[in-house]
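Participant: Pasting in a structure now, in structure tokens, and then I'll have a few things to ask.
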Amino acid sequence: MSTGFNRNDIISYLREHVSETRFQHCLGVEEIGLQLAPRFNLPQELIPPAALLHDLCREYDPELLLKLAGNFGIVIDDIEKAEPLLLHGAVAAATVRKELGIEHPEILEAITFHITGAPNIAALAKLIFIADFIEPGRTYIVSRQLREEAFRIEPESLLLKVYNHTLMFVLNQGYLFHPRTVAGRNELIMKGIR
Ligand SMILES: [Fe+2]
Ligand SMILES: [Fe+2]
């Protein structure tokens, strides 16, 4: 299926809306996403719009995220109310839908859930959740290790590792667990993924 969008248009749009550091991070997510796409049986063309735009609203302050989420009619749960940064995915998805006319449900899902992961998500959302954690610009030791393992282990085992490390990170930082992250991990364990 064509996404109907030209990568150059997305790049120019992104450049206008995020810092250079964030822009480079998005390119990194795209790069590793394209490399991992065949392991997830995903067509290459779905990767750039999802990867490049996932952090479009990452630099918005909490008040703006809450306001925009309200304007877009996004349902805000208690955890998101307490940590509005968690809304930068949902707000980005609503923004690219409105501003760029991107309607592809899997692209919008991947952008929405890239922060927490979630159960019952399509392969593209799994891939972007992973790619965000292991992109080449991530120097965190665990990211480096997973980047090396990424092409050797089963995609769902890789996904489980990203859930585990995300939860450990959240725990160590003293942040709130989002129930979607726990549910996404539980789903894999219940399926027998190790
Ligand atoms: Fe993000
Ligand atoms: Fe990101």
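The values are calculated or read from the model by the stated rules, or taken from the named source; none is laboratory data. Predicted model only: the values in this text are computed from it and were never measured. No Cβ is skipped: glycine too gets one built from the backbone with ideal geometry, and neighbour counts run over all protein chains shown.
Participant: Applying the selection to the range 43-99, what residues are surrounded by 23 or more Cβ atoms within 10 Å (Cβ to Cβ) and charged (D, E, K, R)?
Facilitator: Listed by number, the list holds a single entry, ASP55.
Participant: Given ARG138, ARG147, which one is part of a helix (DSSP H, G or I) and either farther than 19 Å from ALA37 by Cβ or within 15 Å of ligand 2 (Cβ to nearest atom) (or both)?
Facilitator: On the way: ARG138 fails: part of a helix (DSSP H, G or I).
Among ARG138, ARG147, only ARG147 is part of a helix (DSSP H, G or I) and either farther than 19 Å from ALA37 by Cβ or within 15 Å of ligand 2 (Cβ to nearest atom) (or both).
Participant: Looking at the structure I just gave you, is TYR163 out of contact with any Cys (no Cβ under 9 Å at 6 or more places or on another chain), away from ligand 1 (no atom under 13 Å from the Cβ) and modelled with pLDDT under 95? Outline the logic, then answer.
Facilitator: Values: out of contact with any Cys (no Cβ under 9 Å at 6 or more places or on another chain): yes; away from ligand 1 (no atom under 13 Å from the Cβ): yes; modelled with pLDDT under 95: no.
Here the answer is no, as TYR163 does not meet what is asked.
Participant: Taking the range 94-135, which residues are part of a loop (DSSP other than H, G, I, E, B), on the phi < 0 side of the Ramachandran plot and within 15 Å of ligand 2 (Cβ to nearest atom)?
Facilitator: Listed by number, the residues that qualify are PHE113, HIS114, ILE115, THR116, GLU135.
Participant: Restricting to the range 19-47, count the residues that are in contact with a helix residue (DSSP H, G or I) (Cβ under 7 Å, 6 or more places away or on another chain) and part of a loop (DSSP other than H, G, I, E, B). Walk me through how you get there before you give the answer.
Facilitator: Let us first name the residues in the range 19-47 that are in contact with a helix residue (DSSP H, G or I) (Cβ under 7 Å, 6 or more places away or on another chain), namely 23, 26, 29-30, 32-34, 36-37, 39-42, 44, 46-47.
In the following step, the residues that additionally are part of a loop (DSSP other than H, G, I, E, B) were identified as 41-42.
Residues that pass the stated criteria total 2.
Participant: I'd like to verify a number: residues in the range 24-42 that are over 22 Å from LEU86 (Cβ atoms), surrounded by fewer than 20 Cβ atoms within 10 Å (Cβ to Cβ) and within 14 Å of ligand 2 (Cβ to nearest atom), how many?
Facilitator: Going through the range 24-42 one residue at a time, the tally reaches 3.
Participant: Could you grab me the full set of residues in the range 86-104 that are in contact with an Asp or Glu (Cβ under 9 Å, 6 or more places away or on another chain) and in contact (Cβ under 8 Å) with a residue 60 or more places away in the chain?
Facilitator: LEU86, LEU100
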